[in-house]
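The values are calculated or read from the model by the stated rules, or taken from the named source; none is laboratory data. Just so it is clear, the model here is predicted, and its values are computed rather than measured. Cβ: placed from backbone, ideal geometry, glycine included. Neighbour counts: every protein chain shown. These area figures cover heavy atoms from the full protein model, side chains too; ligands, DNA and RNA do not enter into them. Shrake-Rupley method; radii C 1.70, N 1.55, O 1.52, S 1.80 Å.
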Amino acid sequence: MKPHLKSGSDRSASSDLALRLGYFKERQEQMVQTIRQLAEIESPSDNKAAVDRLGSLLAGRFEGVGGHAKFHRTRDFGDHLQVDFPGRSGGKPIMLLGHLDTVYPLGTLQTMPVRVGDGRLYGPGTFDMKSGIAFVLHAIEALREWHADEVPRPLTILLVSDEEIGSDSSRQITESLAKKSAAVLVLEPAYGAKGAVKTARKGVGEYVLKVRGKAAHSGLDFEKGESAIIELARQILEISKMVDLKRGITLNVGTIQGGTRSNVIAAEASAVIDARVMRIKDAAMLDRKLYALKPFNRKCKLEISGGVNRPPLERTPKVAALYKKASEIAKELGWKLEEAAVGGGSDGNFTAALGIPTLDGLGGVGEGAHATHESVTISELPRRAALIAQLIETV
Ligand SMILES: [Zn+2]
């Protein structure tokens with residue numbers, strides 16, 4: 001252990017932090033190699049064997065730095081990986097929350113190989129979120145070097161296998177571990193070129209509206225038909241009136257279906273609606289309104305299903321306090337950490353909704369999530385890892 005890296009009381013916190021940042025700068029290339037290793041194991045949500053390969057590699061790497069790994073087995077998806085570190089201090093753990101899966105199908109590496117160019121590391125999952133996982137590995141390694149081979153406080157790492165497809169099989173595990181934790185640090189990508197953390201995320205819901213009308217020949221019996229398509233069209237206009245951009249409420253009728261042929265009055269039609277809200281109470285309000293829709297044509301029947309399945313991550317005082325802490329650390333590390341509110345959800349939505357202080361967007365700085373140019377900025381890696389190490393130490 002290098003004595004000058006100890007967190008002694010005889011030197012200012014800032015100079016300590018400068019030394020610690022230097023530690024990560026020296027290891028920038030190692031971090032690139034770690035992210036490369038993780039990205040080169042493809043892990044699409046729908047391929048259990050592939051996700052399990054990444055899970056077992058990571059279990060080994062975390063055990064190599066003193067963690068106790070265990071898997072929450074699932075039949076249809078990759079196993080969720082939990083790694084615990086007892087920590088020197090006792091008390092509630094900090095939870096580090098991420099996901100193993102990516103949106104890229106197996107074989108994507110052939111057209112989108114992991115490569116370095118223009119100061120960036122490109123490849124599937126480099127940004128969302130294999131860089132975030134790499135930060136945790138390297139932060140823990142550093143903390144153990146600074147604290148006589150122990151992490152200073154208990155940690156629980158949870159890397160789920162199904163985040164990109166809704167987290168149905170992992171949600172309960174995420175929530176039960178979060179309830180036992182002092183705070184949750186979410187390893188999702190940072191926002192924008194400046195790498196803002198995410199202190200608000202919209203809640204996300206999906207609804208299906210089905211309309212049943214009455215079929216008839218459009219030539220012989222026009223007046224006997226009750227068009228489900230006309231009814232659906234009118235309902236869609238009603239639904240679009242529920243949009244309130246100022247309050248952050250959006251509804252998008254993303255797909256519609258209906259009818260059989262042009263000479264048949266449609267007996268059935270349906271729409272799938274994406275709904276997003278910034279406040280939990282708006283989710284309940286929207287739910288009530290959608291379930292209360294009444295047919296314009298009394299001879300048509302409406303059937304609605306679905307709901308808000310990811311509550312919003314609201315910028316509560318607890319979330320704001322955690323952001324303040326992170327921005328103070330960033331300031332001492334020499335940069336201004338900004339915050340952002342975004343429309344997409346993450347597993348941080350679940351933990352924040354339980355009232356557990358949650359800070360999201362602590363992963364890599366980059367661009368092109370889920371796209372062919374997905375990449376992270378290499379020069380940003382050291383300070384992001386330093387931020388996570390310092391948050392673990394001081395939250
Ligand atoms: Zn993600």
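Data for the structure
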| read-out | value |
| --- | --- |
| Enclosed volume per residue, in Å³, of the convex hull spanned by Cα atoms of segment 211-314 | 88 |
| Kirkwood estimate for segment 78-197, i.e. one over the average of 1/r between Cα atoms, Å | 15.8 |
| ³J(HN,Hα) computed for each position of segment 99-109 - Karplus, 6.51 cos²θ - 1.76 cosθ + 1.60, integer Hz, glycine/proline x | 9, 7, 7, 10, 8, 8, x, 4, x, 4, 4 |
| Segment 72-198 - percent relative contact order, Cα under 8 Å, separation 6 or more | 42 |
| Share of carbon and sulfur in the accessible heavy-atom surface of the chain [1.4 Å probe, %] | 52 |
| Between segment 135-158 and segment 229-304, the alpha-carbon center distance in angstrom | 49 |
| GNM result for the chain, Cα springs below 10 Å: residue of T316, T111, T199 fluctuating most strongly | T111 |
| Segment 295-395 - percent relative contact order, Cα under 8 Å, separation 6 or more | 27 |
| Three-way shape call for segment 71-125 based on the alpha-carbon gyration tensor, with the a/c threshold at 1.5 | oblate |
| Cut-off 15 Å, label 7 Å out along Cα→Cβ of S89, residues of segment 287-324 by amide N | 322 |
| H68, H99, ranked by accessible area, largest first (probe 1.4 Å) | H68, H99 |
| Accessible surface ranking that places the most exposed of S89, S15 first, with a 1.4 angstrom probe | S89, S15 |
| Probe 1.4 Å, accessible area per residue of segment 261-336, Å² | 58 |
| The chain: C-alpha pair distances exceeding 41 Å, % | 23 |
| Centroid-to-centroid separation of segment 181-204 and segment 53-89 [C-alpha atoms, Å] | 22 |
| Accessible heavy-atom area order of I329, I173, highest first, probe of 1.4 Å | I173, I329 |
| Normalised contact order of the chain, rounded percent, pairs of Cα under 8 Å and 6 or more residues apart | 23 |
| Cα-Cα P(r), segment 155-294, percent of pairs per 5 Å interval | 2, 8, 13, 13, 14, 13, 11, 8, 6, 5, 3, 2, 1, 0, 0 |
| Candidates A183, A340, A284: whichever shows maximal mean-square fluctuation once the chain is modelled as a Gaussian network with Cα springs under 10 Å | A284 |
| Size of segment 275-395 as Cα extents on the principal axes (Å, biggest first) | 66, 37, 18 |
| Fully extended contour minus Cα-Cα distance, from D168 to Q33, at 0.36 nm per residue | 45.4 nm |
| For segment 95-162, accessible area per residue (1.4 Å probe, heavy atoms of protein chains only), Å² | 27 |
